[in-house]
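Notes follow the structure.
The values are calculated or read from the model by the stated rules, or taken from the named source; none is laboratory data. This one's a predicted model, so the numbers in the text were calculated from it and none came from an experiment. Cβ sites come from the backbone with ideal geometry, for glycine too, and all protein chains shown count toward neighbours. For accessibility, only protein heavy atoms count, side chains too; no ligands or nucleic acids. Shrake-Rupley method; radii C 1.70, N 1.55, O 1.52, S 1.80 Å.
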Amino acid sequence: MTMPSPTGSGTSASATSAEEREALVEAVRDFADARLAPFANQRDADHEFPVETLREAGQLGLGAICVREDVGGAGLSRMDAIAIYEQLARGDVAVAAYISIHNMVVGMIDQHGTDEQRRRWLPSLTTMDDLASYCLTEPGAGSDAAAVATAAVRDGDDYVLTGTKQFISGAGTSAVYVVMARTGGDDPAKQGSRGMTAFIVPAGADGLSFGPEEHKMGWNAQPTRQVVLDGVRVPADHRLGEEGDGFGIAMRGLNGGRLGIAAASIGGAQWALERTVAYAKERATFGQPLATRQHVQFALADMETELQAARALLERAAAKLDAGAADAPVACAMAKRFATDAGFRVADEALQLHGGYGYLHEYGIERVVRDLRVHRILEGSNEMMRMIVGRHLLGER
């Protein structure tokens, strides 16, 4: 099975026709149905990170969806990407979310790396033979990304990185870590967002280690650990962009990451809704099918309406990001907030309508509820998304 490519072979995202996108979505749905959905509950129970399955996804082009084709990327648009993530999440939310994070990192190297960096790091990442992690959050710096304390000190032709990153997906398994560190030192002009720089840190670097795997409410099919940098020395040619560019690189990466997580929320919730519709037709209460109850019909209608509205808002944001619109970051924030809130509400309502069966692991509904809950926190909490939108309305930066 291979994923269809869009017409053209340019170095940027090609326009995809409706027919091409339909074929693309069908191919990804086939993969999700065959390689993700049948194993999702067991992976969740076993806390299994399906590395070999991720490599299969990479062979389909899912490891570098929006990356330029000269280094093995699929060269697709953000509009294509959100359709892909939704289908992947119908199979397994946690795996789809990790693929989104991996793509965010790979996209950052593609967009901001030198030609040498792109050709050095991307070919093995695009195939997912190597996996990638995004290292921004710290024990004392979550939503306030500008408060990052990890330091990078120039020492001749190298930088020496010291600090700890928190809640890092794929940590301990990934081959590449894009790390945000402070290079401003004590210079007052380089504090906050102005003193942050991005670095590519390979696994195996001296001084790089990982905390124990976190025990989480959900997302059990991907590992989450601390990344500890104890005097990690990296050559200057591992710096991504110029000194002080890191905050902008991190935020631009998060625009796409927010769309991916939003799409995964819609996909997981859509799967839960479809299971609920089937259950309502089969389940009888007081001698009649559950589906004949008006309150159930109303609940299902509201669930479908919320997902349709979320999808429309997400497509609007993806189109703006593809077009390079000035207000694309605000559109991404709105879509992320709305879609992740709506996805969680729909999945939770699906559990409620399943009654006691929804609480059982074998039905998969409770797994989706647990997996979707964190989407309202990561890639910028939904409170931060509201702040972005509110400041935009008030004309603030």
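Of the numbered conditions (1) closer than 21 Å to A81 by Cβ; (2) of a type in the set (V, I, T); (3) open to solvent by 50 Å² or more (accessible area, probe 1.4 Å), T340 satisfies every one except a single condition; which is it?
The single condition T340 does not satisfy is (3).
Checking A152 against (1) in a loop (DSSP other than H, G, I, E, B); (2) closer than 29 Å to G211 by Cα: exactly one of these is not met. Which one?
(1) is the only condition that A152 fails.
Only strands (runs of 3 or more DSSP E) wholly contained in the range 196-315 count here; list those with 3 or more residues that are closer than 26 Å to R120 by Cβ and in contact with a Gly (Cβ under 6 Å, 6 or more places away or on another chain).
Details: elements: 196-202, 208-210, 224-235.
In the range 196-315, 196-202, 224-235 are the strands (runs of 3 or more DSSP E) which contain 3 or more residues that are closer than 26 Å to R120 by Cβ and in contact with a Gly (Cβ under 6 Å, 6 or more places away or on another chain).
In the range 91-112, is there at least one residue being part of a helix (DSSP H, G or I) and free of Cβ contacts under 8 Å to residues at least 40 places away in the same chain?
Step one: list which residues in the range 91-112 are part of a helix (DSSP H, G or I), which gives 91, 93-112.
Next, from what is left, pick out any that are free of Cβ contacts under 8 Å to residues at least 40 places away in the same chain: none.
No: zero hits.
If you scan the range 119-136, which residues turn out to be in contact with a helix residue (DSSP H, G or I) (Cβ under 8 Å, 6 or more places away or on another chain), open to solvent by 10 Å² or more (accessible area, probe 1.4 Å) and over 13 Å from S174 (Cβ atoms)?
The answer is R119, P123, T127, L136.
Working only within the range 174-192, note down all residues that are surrounded by 17 or more Cβ atoms within 10 Å (Cβ to Cβ), of a type outside the set (D, E, K, R) and outside any loop (DSSP other than H, G, I, E, B).
V176, Y177, V178, V179, M180, A181
Quick check on the range 32-45. Is at least one of its residues under 19 Å from L131 (Cβ atoms), modelled with pLDDT of 95 or more and assigned to a loop (DSSP other than H, G, I, E, B)?
no
Is one or more of the residues making up the range 264-276 closer than 30 Å to N41 by Cα, β-branched (V, I, T) and open to solvent by 30 Å² or more (accessible area, probe 1.4 Å)?
Our first condition is that a residue be closer than 30 Å to N41 by Cα; within the range 264-276, this holds for 264-276.
Now restrict to residues that are β-branched (V, I, T): 266, 276.
Subset that is open to solvent by 30 Å² or more (accessible area, probe 1.4 Å): none.
Within the range 264-276, not a single residue is closer than 30 Å to N41 by Cα, β-branched (V, I, T) and open to solvent by 30 Å² or more (accessible area, probe 1.4 Å).
Give the residue, chosen from R367, R311, R373, that is open to solvent by 60 Å² or more (accessible area, probe 1.4 Å) and of a type in the set (K, R). Spell out how you get there, then give the answer.
Details: R367 fails: open to solvent by 60 Å² or more (accessible area, probe 1.4 Å); R311 fails: open to solvent by 60 Å² or more (accessible area, probe 1.4 Å).
None of the other options fit; the residue is R373.
On the basis of being open to solvent by less than 10 Å² (accessible area, probe 1.4 Å), polar (S, T, N, Q) and under 24 Å from A264 (Cα atoms), does S77 make the cut? Break it down into steps so the answer makes sense when it comes.
Values: open to solvent by less than 10 Å² (accessible area, probe 1.4 Å): no; polar (S, T, N, Q): yes; under 24 Å from A264 (Cα atoms): yes.
So S77 does not fit the description; no.
So which of M79, M104 ends up being of a type in the set (A, V, I, L, M), under 24 Å from L378 (Cα atoms), at pLDDT 95 or above and in contact with a Gly (Cβ under 6 Å, 6 or more places away or on another chain)? Explain how you work it out, then say what you get.
Values: M79 fails: in contact with a Gly (Cβ under 6 Å, 6 or more places away or on another chain).
Unique residue meeting the criteria: M104.
Restricting the search to the range 204-240, which residues are in contact with a helix residue (DSSP H, G or I) (Cβ under 7 Å, 6 or more places away or on another chain) and surrounded by 18 or more Cβ atoms within 10 Å (Cβ to Cβ)?
G218, W219, N220, A221, Q222, L240
Only residues in the range 137-161 that are within 15 Å of E243 (Cα to Cα) count as the first member; pair them with residues that are assigned to a helix (DSSP H, G or I), Cβ under 7 angstrom, at least 6 apart or cross-chain, and list the lot.
A146/G192; A146/S193; A146/F247; D157/A236; D158/A236; Y159/A236
Which ones in the range 12-24 are buried (at least 17 other Cβ atoms within 10 Å of the Cβ) and part of a helix (DSSP H, G or I)? Walk me through it before giving the result.
Filtering the range 12-24 for residues buried (at least 17 other Cβ atoms within 10 Å of the Cβ) gives 13-14, 16, 20-21, 24.
Correct list: E20, R21, L24.
So if I check each of E396, E379, which one is open to solvent by less than 50 Å² (accessible area, probe 1.4 Å) and not in a helix (DSSP H, G or I)? Break it down stepwise before answering.
Numbers: E396 fails: open to solvent by less than 50 Å² (accessible area, probe 1.4 Å).
Every option except E379 fails the conditions.
Would you confirm whether any residue within the range 366-385 is touching a Ser or Thr at 6+ places or on another chain (Cβ under 6 Å), among the hydroxyl-bearing types (S, T, Y), touching a residue at least 24 places away in the same chain (Cβ under 8 Å) and under 30 Å from A40 (Cα atoms)?
Pass one, the range 366-385, residues touching a Ser or Thr at 6+ places or on another chain (Cβ under 6 Å): 372, 375-376, 381, 384.
Checking the rest, the ones that are also among the hydroxyl-bearing types (S, T, Y) come to 381.
Retained after the next criterion (residues that are touching a residue at least 24 places away in the same chain (Cβ under 8 Å)): 381.
Next, from what is left, pick out any that are under 30 Å from A40 (Cα atoms): 381.
Checking the range 366-385: at least one residue is touching a Ser or Thr at 6+ places or on another chain (Cβ under 6 Å), among the hydroxyl-bearing types (S, T, Y), touching a residue at least 24 places away in the same chain (Cβ under 8 Å) and under 30 Å from A40 (Cα atoms).
On the given criteria, is A171 out of contact with any Leu (no Cβ under 8 Å at 6 or more places or on another chain) and open to solvent by less than 10 Å² (accessible area, probe 1.4 Å)?
Values: out of contact with any Leu (no Cβ under 8 Å at 6 or more places or on another chain): yes; open to solvent by less than 10 Å² (accessible area, probe 1.4 Å): yes.
It is true that A171 is out of contact with any Leu (no Cβ under 8 Å at 6 or more places or on another chain) and open to solvent by less than 10 Å² (accessible area, probe 1.4 Å).
From the list L313, L307, exactly one residue is closer than 19 Å to G91 by Cβ, out of contact with any Asp or Glu (no Cβ under 9 Å at 6 or more places or on another chain) and without any contact (Cβ under 8 Å) to a residue 60 or more places away in the chain. Which is it?
Details: L313 fails: closer than 19 Å to G91 by Cβ.
Matching residue, one of L313, L307: L307.
Please go through the range 138-159 and give me each residue that is modelled with pLDDT of 95 or more and either in contact with a His (Cβ under 7 Å, 6 or more places away or on another chain) or surrounded by 18 or more Cβ atoms within 10 Å (Cβ to Cβ) (or both), ordered by number.
Within the range 138-159, E138, T150, A152, Y159 meet the criteria.
Which one of Q222, Q191 is of a type in the set (S, T, N, Q) and touching a residue at least 24 places away in the same chain (Cβ under 8 Å)? Let's see the steps before the verdict.
Working: Q191 fails: touching a residue at least 24 places away in the same chain (Cβ under 8 Å).
Only one candidate qualifies: Q222.
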